[in-house]
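Down below is the structure, laid out as structure tokens.
The values are calculated or read from the model by the stated rules, or taken from the named source; none is laboratory data. As the structure is a computational prediction, the values presented were derived from the model and not from experiment. Cβ: placed from backbone, ideal geometry, glycine included. Neighbour counts: every protein chain shown.
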Amino acid sequence: MDKLRSMEVFVAVIDSGSFTAAAERFGQSPVMVGKHIRQLEERLGARLLTRTTRRQSLTEIGRQYGERCRQILADIAAAESGAEAMHAAPRGLLKVSAPVTFGTQLLAPAVADYLALHAQVSVELVLNDRVVDMVEEGIDVSIRIGNLDDSGLVARRLMSYRMQICASPDYLARAGVPQTPADLARHQCLDYLHWSRHLRWKLARGDGNDDGGSGQTDVPASRFRSNNGQALRMAALRGYGIVMQAEMLLGDDIAAGRLQPVLQAYLPEPRQMHLLYPRDRRPTPKLTSFIDFMLERFGPQPAG
């Protein structure tokens, strides 16, 4: 006999309280139900039920075994349901959170491409540079930059988040080109408000030693500070000072000559970027399809 079917019959006997009721549920005779129970008892070498002419009751082993059978059958049902859902068309609202720069420069265009592939999905893209509480704010997927705490979320590695340091040619003509981080003490450096104290203008040592060592640069408090990288970029384009922001934000300006890179030997180490989502036994097609899309578009870049 099929062991799983015998487990199903046993749970049905527990729930219904009789062989007859369980037999009706499965379209079998009470005698066949009894055979299923006896087969389980023979496998276990123990009685599951105590039967009299008037009633039946679970033994202690039967009670424990019944609970395990119920959990096993529920897990199998969830696995089958999840497999079926994988074949269903993605649909519904997907709420995504991401840092502002990555969200505006790369993610928003990618979301448009994703929506073109999945006509029954809607995306609500929330951009901010704070760490969101995904459960409290109802976020399905979050993009996070930097080290992760042990949040219990599933984390999938994305491309590295690389920084760039640059200024306008006009500014450098007036103030000079810094050659080492120490030279920044004599420059206007544009500050990002969301930098934590230990990340503010933290540059690499530039000595060719790839041991991860880096140090804080003595940069005076900036007269221009903002919580938005785009605002700092615009100030740099106007010739106000030196900006350190994501390469994805400044790359086009550098390529066009509007901004000139400086201190290239001292760029900060690239930071890790992850896609996060809650653990779920039954991920929905919209979530699964979006995760696959993101990993294909922004997955880790091969070394070299």
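Summary of computed values
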{"quantity": "Single residue of 289, 226 found to be crowded, with 19+ Cβ neighbours inside 10 Å and either without any contact (Cβ under 8 Å) to a residue 24 or more places away in the chain or among the hydroxyl-bearing types (Ser, Thr, Tyr) (or both)", "calculated": "289"}
{"quantity": "Residue in segment 1-24 that is in a strand (DSSP E or B), under 48 Å from the mean Cα position of the chain (by Cα) and touching a residue at least 24 places away in the same chain (Cβ under 8 Å) present", "calculated": "no"}
{"quantity": "Filter result (of a type outside the set (S, T, N, Q) and either in contact with a strand residue (DSSP E or B) (Cβ under 6 Å, 6 or more places away or on another chain) or modelled with pLDDT of 90 or more (or both)) within segment 45-57", "calculated": "45, 46, 47, 48, 49"}
{"quantity": "Where residue 31 falls short, out of the listed (1) at pLDDT 90 or above; (2) over 26 Å from residue 137 (Cα atoms); (3) touching a helix residue (DSSP H, G or I) at 6+ places or on another chain (Cβ under 7 Å)", "calculated": "(3)"}
{"quantity": "Scope segment 178-200; condition at pLDDT 90 or above, exposed (fewer than 14 other Cβ atoms within 10 Å of the Cβ) and not in a helix (DSSP H, G or I); matching residues", "calculated": "179, 180"}
{"quantity": "Options 58, 106; residue that is surrounded by 14 or more Cβ atoms within 10 Å (Cβ to Cβ) and assigned by TED's automatic domain parsing to the domain that holds residue 137", "calculated": "106"}
{"quantity": "Any hit, segment 32-40, residues being more than 30 Å from residue 195 (Cα to Cα) and not in a helix (DSSP H, G or I)", "calculated": "no"}
{"quantity": "Single residue of 148, 115 found to be modelled with pLDDT under 95 and either assigned by TED's automatic domain parsing to the domain that holds residue 278 or under 13 Å from residue 276 (Cβ atoms) (or both)", "calculated": "148"}
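One line per residue, one yes/no per condition, for (1) assigned by TED's automatic domain parsing to the domain that holds residue 169; (2) part of a helix (DSSP H, G or I):
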position	(1), (2)
240	yes, no
244	yes, no
254	yes, yes
258	yes, no
276	no, no
283	no, no
286	no, yes
290	no, yes
293	no, yes
